[in-house]
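Once you've had a glance at the structure underneath, I'll fire off some questions.
The values are calculated or read from the model by the stated rules, or taken from the named source; none is laboratory data. Predicted model only: the values in this text are computed from it and were never measured. Note that each Cβ is placed from the backbone with ideal geometry, even for glycine, and that neighbours are counted across all protein chains shown.
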Amino acid sequence: MVMNLMKDIWKVINSPLVVISENNYKRKLLLSAVLVLTASVLNGIIAPILYYLTFKNEFIVKMDLLNIFVMFIFCIITFLTACGAFKLTALVFRKEVSFNQILATWGCSYIPTLICVVLVSITELSFYYFINNTMLGVLTSTLLIMLLMWKAIFYFIELNIVLKINGTEAVMATMIIGFIYLIIIFVGFRVGVKVPLL
């Protein structure tokens, strides 16, 4: 089971187009669930606890378990809302795609998100090393841009392969989805989520 999961993750990293084009939605749904839950646990639970443990003696930092729970739940709701934005777009353009298909395929895009969560957590916990080090700053910025581009590739694969939207429709779809994403990002920052799990 774990080996199959690792193989699937490696397949998504190597050839996301092939994986997303496959018809085995149950297997992709399991992979998506694992990636989204892992990203949510890291972003909503582990990162705030590590931040507290790292800085409790240096700053006034409180451990707010209710807020940690809210951040974790919000991370999962963010994923479902992002998938809902794709479904809404499909309905607007009269494309036949099930919500389960979107859940199964968009969850695969959480590999760059997961790496981004780890990278942001490392830089936040080790900011003393990053604050005056130009080389580390450039390296981190470069990695974040690369992860953003990787996520964008997943986004356009999702639009083109799953929703079958391209050309002018893709521009209009991006405006619809982008508006919903901006709302999610704004609410996420209010809740305290550092990396929006879109």
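Take residue 146 and decide whether it is more than 25 Å from residue 43 (Cα to Cα) and either out of contact with any helix residue (DSSP H, G or I) (no Cβ under 8 Å at 6 or more places or on another chain) or modelled with pLDDT of 90 or more (or both). Don't jump to the end; show me each part of the working.
Working: more than 25 Å from residue 43 (Cα to Cα): no; either out of contact with any helix residue (DSSP H, G or I) (no Cβ under 8 Å at 6 or more places or on another chain) or modelled with pLDDT of 90 or more (or both): yes.
Here the answer is no, as residue 146 does not meet what is asked.
Restricting attention to the stretch 86-105, which residues are in contact (Cβ under 8 Å) with a residue 24 or more places away in the chain and either farther than 15 Å from residue 169 by Cβ or surrounded by 22 or more Cβ atoms within 10 Å (Cβ to Cβ) (or both)? Steps first, answer last, please.
To start, the set of residues in the stretch 86-105 that are in contact (Cβ under 8 Å) with a residue 24 or more places away in the chain comprises 86, 88-90, 92-93, 95, 97, 100-105.
86, 89, 90, 100, 101, 102, 103, 104, 105 - these are the residues of the stretch 86-105 that are in contact (Cβ under 8 Å) with a residue 24 or more places away in the chain and either farther than 15 Å from residue 169 by Cβ or surrounded by 22 or more Cβ atoms within 10 Å (Cβ to Cβ) (or both).
Within the group 88, 29, which residue is within 18 Å of the chain's Cα centre (by Cα) and under 18 Å from residue 155 (Cα atoms)? Even if it seems obvious, please write down each step before you answer.
Numbers: 88 fails: within 18 Å of the chain's Cα centre (by Cα).
The match here is 29.
Same structure again: Taking residue 180 and the conditions (1) surrounded by 13 or more Cβ atoms within 10 Å (Cβ to Cβ); (2) closer than 21 Å to residue 33 by Cβ, which numbered condition does it fall short on, given that it satisfies the others?
(2)
Find the residue count for the stretch 67-83, including only residues that are farther than 20 Å from residue 166 by Cβ and free of Cβ contacts under 8 Å to residues at least 40 places away in the same chain.
6
State the number of residues belonging to the stretch 70-96 that are on the phi < 0 side of the Ramachandran plot and outside any helix (DSSP H, G or I).
Residues in the stretch 70-96 being on the phi < 0 side of the Ramachandran plot and outside any helix (DSSP H, G or I): 3 in total.
When you scan the stretch 55-66, do you find a residue that is within 29 Å of residue 187 (Cα to Cα), in contact (Cβ under 8 Å) with a residue 24 or more places away in the chain and in contact with a helix residue (DSSP H, G or I) (Cβ under 7 Å, 6 or more places away or on another chain), even just one?
The initial filter retains those residues of the stretch 55-66 that are within 29 Å of residue 187 (Cα to Cα), namely 55-56, 58-66.
Narrowing the set further to residues that are in contact (Cβ under 8 Å) with a residue 24 or more places away in the chain leaves none.
Checking the stretch 55-66: not a single residue is within 29 Å of residue 187 (Cα to Cα), in contact (Cβ under 8 Å) with a residue 24 or more places away in the chain and in contact with a helix residue (DSSP H, G or I) (Cβ under 7 Å, 6 or more places away or on another chain).
Would you mention how many residues in the stretch 156-198 are at pLDDT 90 or above, touching a helix residue (DSSP H, G or I) at 6+ places or on another chain (Cβ under 7 Å) and within 21 Å of residue 13 (Cβ to Cβ)?
5
Considering only residues of the stretch 36-69 that are in a helix (DSSP H, G or I) and aromatic (Phe, Trp, Tyr), which is surrounded by the fewest Cβ atoms within 10 Å (Cβ to Cβ)?
69
Name, by its number, the condition in (1) surrounded by 13 or more Cβ atoms within 10 Å (Cβ to Cβ); (2) farther than 30 Å from residue 48 by Cα that does not hold for residue 175.
Status for residue 175: all satisfied but (1).
While we're on this one: Whether any residue in the stretch 152-173 is closer than 22 Å to residue 46 by Cβ, in a helix (DSSP H, G or I) and not basic (Lys, Arg) is what I want to check.
In the first step, residues of the stretch 152-173 are kept if they are closer than 22 Å to residue 46 by Cβ; the result is none.
No: the stretch 152-173 contains no residue that is closer than 22 Å to residue 46 by Cβ, in a helix (DSSP H, G or I) and not basic (Lys, Arg).
Here's another thing I want to ask about it. What is the number of the single condition among (1) free of Cβ contacts under 8 Å to residues at least 24 places away in the same chain; (2) farther than 21 Å from residue 188 by Cα; (3) surrounded by 17 or more Cβ atoms within 10 Å (Cβ to Cβ); (4) among the β-branched types (Val, Ile, Thr) that residue 131 does not meet?
So the condition that residue 131 fails would be (3).
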